[in-house]
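Remarks on the structure that follows.
The values are calculated or read from the model by the stated rules, or taken from the named source; none is laboratory data. All of these numbers come straight from a predicted model, not from anything done at the bench. Cβ placement follows ideal geometry from the backbone for every residue including glycine, while neighbour counts extend to all protein chains displayed. The protein model used for the area step is the full one, side chains on, heavy atoms only, and it has no ligands, DNA or RNA in it. Shrake-Rupley method; radii C 1.70, N 1.55, O 1.52, S 1.80 Å.
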Amino acid sequence: FDKLRTERAFNLWLLLLKRRGGLALGAFLSLILWLIFCFYGAERIEQFSLQKRWHDINPGMELISHKDSKYQHIGLGKDREQFSVFGNNQYISSFPDDFEYETLAGIILSQHPHPDDILLIGGGSEGLVHWILKNNPVSIDYVELDPEIFNLILPHLPESEQLSLKDKRVKLNF
């Protein structure tokens, strides 16, 4: 429904409630709306609402997938060749973005003279693990705080990032 139709329907409903017998008519209309909700399906209405909210918040970005996790509602959007991850409609990360993750890996690895055993907490699946592995560490313990983010984006990651996450030096922890 567009905004104008919704507003007109609401105004008609208020007008009917104000007239004589409006309470009975209002109850009848409420019953009809409840029956539509039950038979049309809450899932379809929720899907419509989710799509509408997504396009209002992220205009021009296609909603690829979404999922509720224990911690948040996760959305994966795509704009041209760039994927973006959102948690509760707040930006989390984008991929592929080699410049960002190569730079970040360099900053992280420069904090120790011999970074052999690395603990990475969150944010590694989008490309950071791939760039850390290029520096030949002995091991990476990668802890993903919300495993649903990992599961949602994994099929959309470039092949190089997928292979990096399967590397024998990488231990995934959820």
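What the phi angles of the stretch 158-173 give under the Karplus curve with 6.51, -1.76 and 1.60, with θ = phi - 60°, is a coupling list of x, 4, 4, 5, 5, 5, 4, 5, 9, 4, 5, 7, 9, 10, 7, 10 Hz, glycine and proline written as x.
The H on the amide N of L145, modeled in the peptide plane, is under 5 Å from the matching H of G122, G123, each at least 5 residues off or on a different chain. Counting only the Cα atoms, the stretch 36-153 fills a convex hull of 110 Å³ per residue. Candidates W54, F83, Q72 compared by Cα position along the dipole of the stretch 22-153: farthest toward the positive end lies W54, with charges placed on Cβ.
Applied to the stretch 102-114, the Karplus parametrisation 6.51 cos²θ - 1.76 cosθ + 1.60 on θ = phi - 60° returns per-residue 3J(HN,Hα) values of 5, 5, 4, 4, x, 5, 4, 5, 6, 7, 9, x, 9 Hz, with x for Gly and Pro.
Think of a 1.4 Å ball rolled over the protein heavy atoms: the stretch 121-174 then has 49 Å² of accessible area per residue. For the set K78, K171, solvent exposure ranked by accessible area (probe 1.4 Å, protein chains only) runs largest to smallest as K171, K78. Extension gain, N135 to H66, is 21.5 nm, computed as 0.36 nm per intervening residue step minus the present C-alpha separation.
The translational diffusion coefficient of the stretch 76-132, from Stokes-Einstein at 4 °C and 1.567 mPa s with a Kirkwood hydrodynamic radius over alpha carbon pairs, comes to 104 µm²/s.
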